[in-house]
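Before any comments, here is the structure.
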Amino acid sequence: MSAPGTGGASGLDRVSGFARGLFDSRWPGPVLLLAALLGPFVNATPYALNLMTTTAISVMLAVGLNIVVGYCGLLDLGYAAFFAVGAYTSGVLATRFDWPLLATVPVVLVATVIAGIVIGGPTLRLRSDYLAIVTLGFGEIIRITANNLDVTGGPSGIHGIPGLFGGEDKVVFYYATVVIVALAVIGAARLGRSRIGRAWRFVREDEDAAAAMGVSPYRVKLAAYIAGAVWGGLAGVLFGAHLSAVSPGSFRFLDSALILMAVVLGGMGSNPGVVLGAIVLAVLPEALRDLVDWQYFVFGVLLILVMLVRPQGLWPARSRETPQDAARAVRPEVRA
Amino acid sequence: MNLEVADLRLSFGGLLAIDGLSFGVGENEIVSVIGPNGAGKTSAFNCVTGFYRPTAGRILLDGQDVSGRRPEQIAAMGVARTFQNLRLFGELSVLDNVRAGTHLWSRQRAIDALLHTPRFRRTENEVTDEAHRWLDFVGLRGDRAGPARALPYGEQRRVEIARALARRPSLLLLDEPAAGLNHSEKAEMTDLIRRIRELGISIALIEHDMGLVMEVSERVVVLNFGREIADGPPEQVRRDPQVIEAYLGRDAEDSEIAEIIGDGHG
Ligand SMILES: Nc1ncnc2c1ncn2[C@@H]1O[C@H](COP(=O)(O)OP(=O)(O)OP(=O)(O)O)[C@@H](O)[C@H]1O
Ligand SMILES: [Mg+2]
């Protein structure tokens, strides 16, 4: 992505070699976390804090959707539904029943798992192109339901949701969000590198070959779907607490599409990639604010350009074995 | 493991792909299924492994009727297979491909993975060691950390067999493992199949290379247009007039026959 300058091929090579070294190293994650923690020291205006908090929440959403779309290869066009389930469940319990927000989290977990099973259960047996349409439909159903129920406050939604710890300062809430999102990112990455994470990729790459190895495509997909639902639901809790309000307008198809865009832009299946994608998508429109009427036009053109230049995403997933794992090849008993 | 296929029938719409096939693979036996292109060999394997649902007939694994079960259920019973057209996970590393075989018997809890507990590390190391062990067994020379699609064709065939072996199967179905291999690679494949048998695994083999078939098989089943036309020891099958006719037509020269049924191997 860096300007090639006049260096020609060798310059480009060096840049991409440097970029690859950077991508493969361990420190982008810690550096990003440090930047997030230092953010409020640089700029703690309500505008900046709001943007940083929103960005962190969209990172969590992108990482959660990446489990479904990137790891497992299931096209989900209604991911905002789980975001909504989380936000409304905690919001309703906190405002109508006066639960502390943290106490709603176990209920949110149960609700999102159930939502994942209810939506995923029947649809995951479908071929993937049908799945996209059905998930799109479910996304709308959840939104329209929230729009029409009394308990969810109808079109105007729920107001007066307390903070995570009952009304903390915005900076404190931001730090809590960063910690939770960081744990969510690490958790998704670790799941991706485990037995179930491998099974997700086997199913994505070749369902038949996976089944021949005893991997049940249906169960593995359902597991991905439920994991995605949990990540999205917990992000929804943060979202409601951040705005102290939720309304159906936050869970449109456009919102699902934007989360998906973060995944595709960053690099499907690449955990660091989708983090980057979500940050770019959250921050870029703000950076283009001065263009006023042209803001979203330029935003769209830039996205198209990026996808043309890097269809695999900004930070694509690569199959990587640790040197230790690869080196196990030369085992003593074989050499003997 | 004991495989028994009884009066298997399979039709696709009007086409009868398999029309009454019966054969068995005994404990630790190698049985080959041969026949001209389109005879229904792969379809028969697909029925046994649950990818196709037979129209009629029974498939017994150690005496238990498994017809109609899904592929992952058949695999769970101890059956592994390879595919005629390689079906590796191309984008994934060679090691990951073989790790797929360990999915059924390795145990790991999500919570251990999330917390990176010692138990998680132990199970991961176990799975990685197992993958290396089978890659050593099949004699893979290429890069194990790189994506499977980067390997040459012959090496990919080995990876697919390593993946199936990592399943620790009792019955292994190989669909044309020597197709597209050169002469020396074929010899290595013959040796590999023998070594797999020495592990105590029963093998069903589809193969067009008659030299290989005659060399390793206990028994040979011959299919033609979905019908079974012969079943017996290699030396009997290769002299069966019906088999010779199926392969060459009625008026074949003796020299042609010798060439195709590998008489020269004695
Ligand atoms: N999924 C399918 N749908 C329709 N017809 C099929 C299907 N699979 C196989 N057939 C047909 O069944 C017949 C047997 O095919 P099969 O692949 O089993 O043959 P084969 O003996 O493995 O041949 P080859 O040696 O070329 O691999 C062929 O006529 C084929 O076209
Ligand atoms: Mg075939």
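The values are calculated or read from the model by the stated rules, or taken from the named source; none is laboratory data. Note that the coordinates shown come from a computational prediction; the quantities given were computed from them, not determined experimentally. Ideal geometry is used to build each Cβ from the backbone, glycine not excepted, and the neighbour counts take in all protein chains shown. Quick note on the areas: whole protein, heavy atoms, side chains included, nothing else; ligands and nucleic acids left out. Shrake-Rupley method; radii C 1.70, N 1.55, O 1.52, S 1.80 Å.
Can you tell me which residue among A:Ala223, A:Ala227 is open to solvent by 20 Å² or more (accessible area, probe 1.4 Å), at the interface with another protein chain (Cβ under 9 Å from one of its Cβ atoms) and not charged (D, E, K, R)? Working first, answer last.
Values: A:Ala227 fails: open to solvent by 20 Å² or more (accessible area, probe 1.4 Å).
Only one candidate passes the filter, namely A:Ala223.
Do we have any residue at all in the stretch B:97-107 that's of a type in the set (A, V, I, L, M) and within 8 Å of chain A (Cβ to nearest Cβ)? If you could, list the steps in order and put the result at the bottom.
First pass over the stretch B:97-107, keeping only residues of a type in the set (A, V, I, L, M): B:98, B:100, B:104.
Going one step further and asking which of them are within 8 Å of chain A (Cβ to nearest Cβ), we end up with B:100, B:104.
Within the stretch B:97-107, one or more residues are of a type in the set (A, V, I, L, M) and within 8 Å of chain A (Cβ to nearest Cβ).
Within the bounds of the stretch B:34-42, is there any residue that is within 14 Å of chain A (Cβ to nearest Cβ) and either under 17 Å from B:Leu205 (Cβ atoms) or within 16 Å of ligand 2 (Cβ to nearest atom) (or both)? Before the answer, list the steps.
Pass one, the stretch B:34-42, residues within 14 Å of chain A (Cβ to nearest Cβ): B:42.
Then keep just the ones that are either under 17 Å from B:Leu205 (Cβ atoms) or within 16 Å of ligand 2 (Cβ to nearest atom) (or both); that gives B:42.
Looking through the stretch B:34-42, at least one residue is within 14 Å of chain A (Cβ to nearest Cβ) and either under 17 Å from B:Leu205 (Cβ atoms) or within 16 Å of ligand 2 (Cβ to nearest atom) (or both).
Return the residue satisfying two criteria in turn: it lies in the stretch B:135-180 and is farther than 29 Å from A:Pro323 by Cα and away from ligand 1 (no atom under 16 Å from the Cβ), and of such residues it is nearest to the chain's Cα centre (by Cα).
Residues of the stretch B:135-180 that are farther than 29 Å from A:Pro323 by Cα, as a first pass: B:169-180.
Going one step further and asking which of them are away from ligand 1 (no atom under 16 Å from the Cβ), we end up with B:169-172.
Numbers: B:Pro169: 11, B:Ser170: 12, B:Leu171: 9, B:Leu172: 5 Å.
That would be B:Leu172.
Which of the residues spanning the stretch B:12-27 are small (Gly, Ala, Ser) and near ligand 1 (Cβ under 9 Å from one of its atoms)?
Quick first cut of the stretch B:12-27, residues small (Gly, Ala, Ser) only: B:13-14, B:17, B:20, B:22, B:24, B:26.
Passing the criteria: B:Gly13, B:Ala17.
So if I check each of A:Leu183, A:Leu191, A:Leu260, A:Leu265, which one is without any contact (Cβ under 8 Å) to a residue 40 or more places away in the chain and of a type in the set (A, V, I, L, M, F, W, C)? Step through it out loud before you land on a result.
Numbers: A:Leu191 fails: without any contact (Cβ under 8 Å) to a residue 40 or more places away in the chain; A:Leu260 fails: without any contact (Cβ under 8 Å) to a residue 40 or more places away in the chain; A:Leu265 fails: without any contact (Cβ under 8 Å) to a residue 40 or more places away in the chain.
From the options A:Leu183, A:Leu191, A:Leu260, A:Leu265, the qualifying one is A:Leu183.
Residues that are open to solvent by 20 Å² or more (accessible area, probe 1.4 Å) and among the polar types (S, T, N, Q): find the helices (runs of 4 or more DSSP H) completely inside the stretch A:231-319 holding 1 or more of those.
Working: elements: A:253-266, A:271-287, A:295-309.
Qualifying helices (runs of 4 or more DSSP H): A:295-309.
Take the residues in the stretch B:189-212 that are in contact (Cβ under 8 Å) with a residue 40 or more places away in the chain and more than 17 Å from B:Thr82 (Cα to Cα), then tell me which one is most open to solvent (accessible area, probe 1.4 Å). Working first, answer last.
In the first step, residues of the stretch B:189-212 are kept if they are in contact (Cβ under 8 Å) with a residue 40 or more places away in the chain; the result is B:192-193, B:195, B:197, B:200-208, B:210-211.
Okay, now just the ones that are also more than 17 Å from B:Thr82 (Cα to Cα), so B:200, B:210-211.
On the way: B:Gly200: 34, B:Met210: 14, B:Gly211: 12 Å².
Result: B:Gly200.
Considering A:Thr89, A:Thr145, which residue is open to solvent by 40 Å² or more (accessible area, probe 1.4 Å), hydroxyl-bearing (Ser, Thr, Tyr) and modelled with pLDDT of 90 or more? Working first, answer last.
On the way: A:Thr89 fails: open to solvent by 40 Å² or more (accessible area, probe 1.4 Å).
Checking each option against the conditions leaves just A:Thr145.
Name the pairs: first residue in the stretch A:213-227 and polar (S, T, N, Q), second residue buried (at least 20 other Cβ atoms within 10 Å of the Cβ), Cβ to Cβ under 8 Å, at least 6 apart or on different chains?
Short answer, once both residue conditions are applied: A:Ser216/B:Glu72.
When you look at A:Val151, is it over 20 Å from A:Val69 (Cα atoms), in a helix (DSSP H, G or I) and modelled with pLDDT under 90, yes or no? Show your work before the answer.
On the way: over 20 Å from A:Val69 (Cα atoms): yes; in a helix (DSSP H, G or I): no; modelled with pLDDT under 90: yes.
Against the criterion (over 20 Å from A:Val69 (Cα atoms), in a helix (DSSP H, G or I) and modelled with pLDDT under 90), A:Val151 does not qualify.
All but one of (1) without any contact (Cβ under 8 Å) to a residue 40 or more places away in the chain; (2) open to solvent by 40 Å² or more (accessible area, probe 1.4 Å); (3) more than 9 Å from chain A (Cβ to nearest Cβ) hold for B:Arg133; which doesn't?
(3)
Could you check B:Arg168 against (1) part of a loop (DSSP other than H, G, I, E, B); (2) modelled with pLDDT under 95 and say which number it fails?
All conditions pass for B:Arg168, except number (2).
Hey, could you check the stretch B:52-103 for residues that are touching a residue at least 24 places away in the same chain (Cβ under 8 Å) and within 16 Å of ligand 2 (Cβ to nearest atom) and say which is nearest to A:Arg125 (Cα to Cα)?
Step by step, filter the stretch B:52-103, then rank; the result is B:Tyr52.
Name every residue in the stretch A:193-219 that is among the hydrophobic types (A, V, I, L, M, F, W, C) and more than 8 Å from chain B (Cβ to nearest Cβ), in order of residue number. Give the steps one after another, and end with the answer.
Here is the first cut: in the stretch A:193-219, the residues among the hydrophobic types (A, V, I, L, M, F, W, C) are A:196, A:199-200, A:202-203, A:209-213, A:215.
Across the stretch A:193-219, the qualifying residues are A:Trp200, A:Val203.
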